[in-house]
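**Student:** I'd like to ask you about the structure that follows.
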Amino acid sequence: MQIIRNYVVILFIALSIFTAPLAQAQLIENLYRTELIVSDRLTRPDEASLRLGLKRVLVKVSGTALATHIVDEVVTEPKRYLREFQFESTFQVRTDKQGNDYLAQRLLLIFDRAGIVQLLQANKMVPLGKYRPRLLVWLLGDEDAELVRLRNDLEDYAQRVQFPMQLLVAKELGLNKREQSGKPLFEKIRTRSLAYGTALIIVVFSDPVKGLGWSVIDKSALNKIKWKFLEGALSEQISLTFTAWIEASGIKIDDANNFNVNSHQITVTRVKNLADYAAIMEYIRALPSIESIQVTSMNNQTLTLSFQSQLDSSALSRLLSLDRRMLLMRPLEVEVADSLRWGWFGTRGR
């Protein structure tokens, strides 16, 4: 494999083995809330503020910047999705069109969860829920203007879609030019990534001719890469790659390819008190693609739940394992094949 010049390698961390918890998920609070800096003359949110705020919330909840088109093309009355608002004083100085300085206000907007979810689903988008996999990003390449721009764009996009992301620089791998492709690169990446937990690794580079290319690296393809290239502006390419990485993480499914709704049953052990029970139910109810949750039984510190989902057992396991408090246990011979047994380790934290 020839050396790729002017490239950036990015590692995206998720899960790799079925019987162990995946990369630790982070709980994202305030998905339906956003803040804007506005004029000191406003006493109620104006149309422009509501539209901007609604766009930000739709992007956070869906995990894609493509959700902004819903506000531009579909929403005629953004105020119908607003639950509450509040103005707060700030010490930020702004200048109006007449050249006069003033102290701006902070406008807090909280939108209705049910309305946002319904709006996304009506436009064939999937609400991702508030548990998000952590992204670990390695940037390799010369510290030039193109690299800085890509780094800034990645950080900005991760912030907009509310995915926790950590960026690391090339010198952390200690590679020379000849090692920045092929097997030595993969071995370095695997070794250095161990400190951040088991992970699905995605390699991305910016080619001056072909554009942004990326590939998922798994156990079956450690010595070669099947690159995927995208067309369009860098902002469009980043949006599409984030969408692909989110789908690879297991928290988003493609509705077009999942017409069947499957029934599942899981057993959770080590449920020692009502606090554990409440935490488990709060966690599962917050996950996307899980519906009609029912408690089948609760005795001897064991909670049995049944629910429906478009996910199969493998994808469901990846989803439930986003929180490291939930540990997949080895199945017992007497258990039903479709039943998954989990252990709840609430004291471990997130």
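Here, each number is a calculation from the coordinates, and none is a lab measurement. Owing to the predicted nature of the structure, the values given are computational and were not obtained by experimental measurement. Heads up, the Cβs are rebuilt from the backbone with ideal geometry, glycines too, and the neighbour counts pull from every protein chain shown.
**Student:** With label points built 7 Å along Cα→Cβ from the Cα atoms of Glu73 and Glu187, find their separation and express it in nm.
**Tutor:** In this crude spin-label approximation the distance works out to 4.9 nm.
**Student:** Between the DSSP loop rule and a limit of at most 12 other Cβ atoms within 10 Å, which GluC sites (Glu not before Pro) in the range 85-162 are left? Walk me through the intermediate numbers first.
**Tutor:** Working: sites: Glu88, Glu143, Glu146, Glu155; in loops: Glu143.
Filter output for the range 85-162: Glu143.
**Student:** Which of the peptides 58-67, 29-38, 273-282 is most tightly packed, and how do the rest follow, judged by the mean count of other Cβ atoms within 10 Å per residue? Before the final figure, lay out the partial values.
**Tutor:** On the way: 58-67: 23.2, 29-38: 15.9, 273-282: 13.5.
Top to bottom by mean Cβ count within 10 Å: 58-67, 29-38, 273-282.
**Student:** Over 18 Å between C-alpha atoms is what I'm after, so list which of Lys55/Lys79; Lys188/Lys210; Lys60/Lys124; Lys60/Lys130 land there.
**Tutor:** Table pairs above 18 Å Cα-Cα are Lys188/Lys210.
**Student:** Of the listed peptides 129-137, 228-236, what is their order by residue-averaged count of other C-beta atoms within 10 Å, with the highest listed first?
**Tutor:** Result, highest mean Cβ count within 10 Å first: 129-137, 228-236.
**Student:** Work out the FRET efficiency for Val261 and Phe85 from their Cβ-Cβ distance, taking R0 = 35 Å, and round it to the nearest 0.05.
**Tutor:** 0.40
**Student:** For a Förster distance of 30 Å, can you work out the FRET efficiency between the beta-carbons of Gln98 and Glu29, rounded to the nearest 0.05?
**Tutor:** For Gln98 and Glu29, the calculated efficiency is 0.15.
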